[in-house]
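Q: Input: one structure, supplied below.
The values are calculated or read from the model by the stated rules, or taken from the named source; none is laboratory data. Since the model is a prediction, treat every value here as computed from it, not as a measurement. Here the Cβ is made from the backbone with ideal geometry for all residues, glycine too, and neighbour counts use every protein chain on show. Just so you know, the surface numbers come from the protein's heavy atoms only, side chains and all, with ligands and any DNA or RNA stripped out. Shrake-Rupley method; radii C 1.70, N 1.55, O 1.52, S 1.80 Å.
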Amino acid sequence: MVGSGSELAGGVLSEYSGARLVLFQIALHALFLLLMAMGVVLFLGGGNVVSFTAKTLLLTAAVLRLARYSPRWRVDQMLALAWKILLPAALVNLMVVGVIVLLL
């Protein structure tokens, strides 16, 4: 239904305004940058400061672009993806890594 009254228009931060809203927004942006920096360190290699900063900004731009242009999934679609595709893929990955560790 379009325009149902049960859905919050502003999301979880609709109760806040002014300084509290600004603090929440700053905290959310800082958390996002921290997660992107952790992703760079864990998956793309840290390197020097310039390389780390460039990789963090590129990863941030890629994730924001992906989030902007990808469709929103319903809960049942996400659950179906998790149970039918991601869980079996994780179990196969676990078995492959286990076999590799046993052989080496």
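Q: For the chain, what does -39500 (n - 2.57) per DSSP helix run (n ≥ 4), summed and divided by total residues, give at 222 nm, in deg cm²/dmol to the nearest 500? It would help to have the intermediate numbers written out before the result.
A: On the way: 4 runs with 66 residues, N = 104.
Dividing the helical sum by the residues of the chain leaves -21000 deg cm²/dmol.
Q: How far is helix 19-39 tilted off the main Cα axis of the chain, in degrees rounded to 10, range 0 to 90?
A: 10 degrees
Q: Probe radius 1.4 Å, ligands and nucleic acids ignored: give me the carbon and sulfur share of the accessible area of the stretch 62-104 as a rounded percent.
A: After summing per-atom areas, the C and S share lands at 74 percent.
Q: Just to be sure I understand, if you calculate Kirkwood radius over Cα pairs in Å for this structure, which of [x] 14.1; [y] 16.4; [z] 17.9 do you get?
A: [z]
Q: Right, next: Count neighbours as other Cβ atoms within 10 Å of each site's Cβ, and list the trypsin sites (Lys or Arg not before Pro) in the stretch 22-104 that are DSSP loop with at most 13 such neighbours. Numbers along the way, then the final one.
A: On the way: sites: 55, 65, 68, 72, 74, 84; in loops: 72, 74.
For trypsin sites (Lys or Arg not before Pro) across the stretch 22-104 that sit outside H, G, I, E and B with at most 13 neighbouring Cβ atoms in 10 Å, the list reads 72, 74.
Q: Right, something else. What angle do you read, to the nearest 10 degrees and between 0 and 90, between the alpha-carbon axis of helix 87-103 and the longest principal axis of the chain?
A: Around 30 degrees separate the two axes.
Q: Let me ask something additional. How many Å² of accessible area per residue for the stretch 52-93, probe 1.4 Å? Walk me through the intermediate numbers first.
A: On the way: 3720 Å² over 42 residues.
For the stretch 52-93, the solvent-accessible area averages 89 Å² per residue.
Q: For the stretch 25-75, which chymotrypsin sites (Phe, Trp or Tyr not before Pro) are in a loop by DSSP, counting at most 14 other Cβ atoms within 10 Å?
A: Numbers: sites: 32, 43, 52, 69, 73; in loops: 73.
Sites meeting the loop and neighbour criteria: 73.
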